[in-house]
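What follows is a short report on a single structure.
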Amino acid sequence: MLAAKKILIGVTGSIAAYKIAMLVRLLVKAGAEVKIIMTPSAAEFVTPLTLSTLSRNEVHVDLSNGKSWTNHVALGRWADLFLIAPLSCNTLAKMSSGLCDNLLMASYLSSTAPVVVAPAMDEDMWLHPSTKSNLKTIAGFGNRVLPVGNGDLASGLSGEGRMAEPEAIFSYLEEFFDEALSLKHWKALVTAGPTYEAIDPVRYIGNRSSGKMGLAVAQELSARGAEVTLIMGPSELSISDKSIKLVRIESAREMFDACLSIFDQVDLVVMAAAVADYKPETVSTVKIKKTTNSFTLPLVKTDDILLALGQRKTTQILAGFALETDNEKENATGKMIRKNADLMILNSLRDEGAGFGHDTNKITILTRSGESFSYELKDKQQVAKDIVDNIVKLRHA
Ligand code: CTP
């Protein structure tokens, strides 16, 4: 799987840098071609000589050696994948803001390869709000962030922030290049966020969906090689992932039209949006005044997008979400059958940390053949991976 794959590794200044020697060894043994860039401070933790011997390639540290410069554009374009491991707080902050003061950052900013990062830091640094915010920012750019481990830290303390072990990074890379898990040449449509149904020029009916789950699914599909269109309702998330085609809409009707207009060209759909079920019967063109003591707003049903796609589907795989509070499996299965979906992703509002607004989710995936897979509470990125794994399984069924 890794044979002949070109892997560029960026090593930054962290004690975990010594573990990269082991990873390089594993990759070279598996037949991968490895090139390495180090930041000057990484070179204080592990020597370029060690890594160049193991990778069988020259290790690059500086933008120039006084006589010639290192072609960072060529390095970034050479790679099938750019791994930054360990990722220090400092380089994370630079990636988040686009600061370019060394060869590694110049290569990162000009790279066209998918980027995977393995953060490594002390627990307090890991938990700092600026670290969380920077990680969110770089994930929004389309970079994949590997989870950190829990255990002994360089400070002598124990906690969260350890770099993923070389074996775990190696397995991730193997999976990344596994053709069987790939969705290359597939076109995907994902919906996310709430919809807003106008009452008058200043008011609307909406819901608390953040769009995070749908975005995570879109990013995971894109990471597996699918060409992704994300149709997103009004969400505060800023999306700058170049690999995803973003279509912003506001109302259920606009989402309906956007979905139907591309449905025939896609191979799979994940309906993660929390589409409003009802909208005002009429929209006032002027602001409604509070002239009466009580006010009744007649509502009519919105068009059910998933139902419409289910009725129209030919070969597409359709996945829907069901947010339930009671009789969860029964309700979700009913929706799957009624809307002709192939998968239903169920979250229960009874589970803490699941549903709207959280960075985590707890799901059960139901299939048409009656299978049911329950997962523990996870980060939405990891949940997206489980969802996409199930879609890939259906694809091969
Ligand atoms: N959905 C849709 N169009 C709508 C309403 C919902 O496409 N107008 C999709 C959602 O994106 C989700 C699935 O249908 O993937 C289930 O949504 P949900 O609102 O939970 O189901 P409903 O059928 O609307 O049932 P209820 O609100 O009664 O629970």
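At a glance:
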{"read-out": "Subset of the stretch 272-302 (residues that are within 16 Å of the ligand (Cβ to nearest atom) and among the hydrophobic types (A, V, I, L, M, F, W, C))", "value": "ALA272, ALA273, ALA274, VAL275, ALA276, LEU299, VAL300"}
{"read-out": "Residue pairs meeting the criteria (Cβ under 8 Å; at least 6 apart or on separate chains; first in contact (Cβ under 8 Å) with a residue 40 or more places away in the chain and more than 29 Å from TYR278 (Cβ to Cβ), in the stretch 238-260; second within 16 Å of the ligand (Cβ to nearest atom) and assigned to a strand (DSSP E or B))", "value": "ILE244/THR229; ILE244/LEU230"}
{"read-out": "Elements of type helices (runs of 4 or more DSSP H) contained in the stretch 97-148, each with 2 or more residues being polar (S, T, N, Q)", "value": "103-110, 129-140"}
{"read-out": "Entirely in the stretch 287-397, the strands (runs of 3 or more DSSP E) that have 2 or more residues that are surrounded by 18 or more Cβ atoms within 10 Å (Cβ to Cβ) and within 26 Å of the chain's Cα centre (by Cα)", "value": "317-324, 343-348, 363-367"}
{"read-out": "Matching residues in the stretch 71-96 - criterion: being aliphatic (A, V, I, L, M) and either within 20 Å of the chain's Cα centre (by Cα) or assigned to a loop (DSSP other than H, G, I, E, B) (or both)", "value": "ALA79, LEU81, LEU83, ILE84, ALA85, LEU87, LEU92, ALA93, MET95"}
{"read-out": "The listed residue being away from the ligand (no atom under 16 Å from the Cβ), more than 22 Å from the chain's Cα centre (by Cα) and closer than 26 Å to GLY357 by Cβ, out of ARG203, ARG248, ARG253", "value": "ARG203"}
{"read-out": "SER55 being in contact with an Asp or Glu (Cβ under 9 Å, 6 or more places away or on another chain) and of a type in the set (Ser, Thr, Tyr)", "value": "yes"}
{"read-out": "Filter result for ALA154 (away from the ligand (no atom under 16 Å from the Cβ), of a type in the set (A, V, I, L, M, F, W, C), outside any loop (DSSP other than H, G, I, E, B) and within 30 Å of LYS19 (Cβ to Cβ))", "value": "no"}
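Laboratory data are not the source of any read-out in this text; all were calculated from the coordinates shown. Please read these numbers as outputs of a predicted model, since none were measured by experiment. All Cβ positions, glycine included, derive from the backbone under ideal geometry; neighbour counts span all protein chains shown.
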